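Structure, as structure tokens:
Throughout, read-outs are computed from the coordinates displayed, never taken from laboratory work. Just so you know, these numbers come straight off a predicted model, no measurement behind them. Here the Cβ positions follow ideal geometry from the backbone for every residue, glycine too, while neighbour counts run over all protein chains shown.
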Amino acid sequence: MFEQLKKKIACISNDEDNFIILDFQRVDVLDSTGMLSFKKLKNLINISQTHLIITAPNSQIHQQLLNGGLSSSHPLIHYFPDLNAGVKWCAKKRLKQTPKHLYDPPSLTERLFINYPQKMDLSQLLQYFERIKIESETCIFKQGAFADTFFFVESGHVVERGETQSHESLLQIETMGNGHFIGYIEFYLGLPRAVDVFATERCIVYQMSNKRLKLLEKENPKFSVMLHQMLVFLLSERVTHLAKTIHALQHKKTITRS
């Protein structure tokens, strides 16, 4: 592991903050060899001025890392309770170095249809959605609940959380922000919610229900077709992404075995 990190650090630019993220979500204990690598890693980040992000260590591993010299008081070493929190911290730090004009938020139309081939006026379509303000840490829907609505995020961020196989803890699956549609797969398939969804900050969302969708289909077929086409497009993108991910993982497994 140490040699791999050393090679990667040698290739990165020193003109901006760089990060190494080590996630211990599935690690129970560190052996003596691993501890030796971490001592070398501390020297490496000091030389390269790279931030070391340590996420989800259990109490035993946390103590081992502290004993090995990876103190949270070090300006380049940062501990976080989960991977999502660590990645979010890195993103915020990187954004601070980015000129503001490069990440000005796009308009609502641009967020919704950034990858959708047809550009249309949204005002008539939005009349059929319910605009809702949601406070931070509010549960938007629970795993296993009946999926009678879906929504898209106008502002703020939400996170998907699912139970681990042992049912002992929640695993943060994905964080989504402006322009993301949430819950539409279960809605269309008539399935129970696959995950919990929480607002991680104050959000504004547009919610579509079965009742409102039927009204849209009756009163404005043109925009109803547009909405359905857009969701099919998003679903096809998601399937393509998953297929590429599975292919990459299979390729990596083949290389490891060889």
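About the Cα centre, and with charges only on the beta carbon of Lys, Arg (+1) and Asp, Glu (-1), how big is the dipole of segment 2-96? Nearest 20 debye, please. Can you show the working numbers first?
Working: 12 positive and 8 negative charges, 45 e Å.
Dipole about the Cα centre, nearest 20: 220 debye.
Given the pairs 42/244; 6/96; 8/39, which are separated by over 28 angstrom at their Cα positions? Walk me through the numbers on the way to the answer.
Working: 42/244 35 Å; 6/96 26 Å; 8/39 18 Å.
Too far apart for the 28 Å limit: 42/244.
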Alpha carbon centroid spacing (whole Å) that separates segment 23-96 from segment 213-231: 49 Å
For residue 140, distant residues with modelled amide H under 5 Å away: 197, 198, 199
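How much net charge surrounds residue 204 when only the other residues with a Cβ under 9 Å from the Cβ of residue 204 are counted, with Lys and Arg +1 and Asp and Glu -1?
Working: positive: 131, 133, 202; negative: 154.
Spelling it out: positives minus negatives among the neighbours equals +2.
In what sequence do 96, 133 fall when counting other Cβ within 10 Å, fewest first? Write out the running numbers ahead of the final one.
Working: 96 8, 133 13.
Starting with the residue having the fewest Cβ neighbours, the order is 96, 133.
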Ranked 193, 212, criterion: other C-beta atoms within 10 Å, fewest first: 212, 193
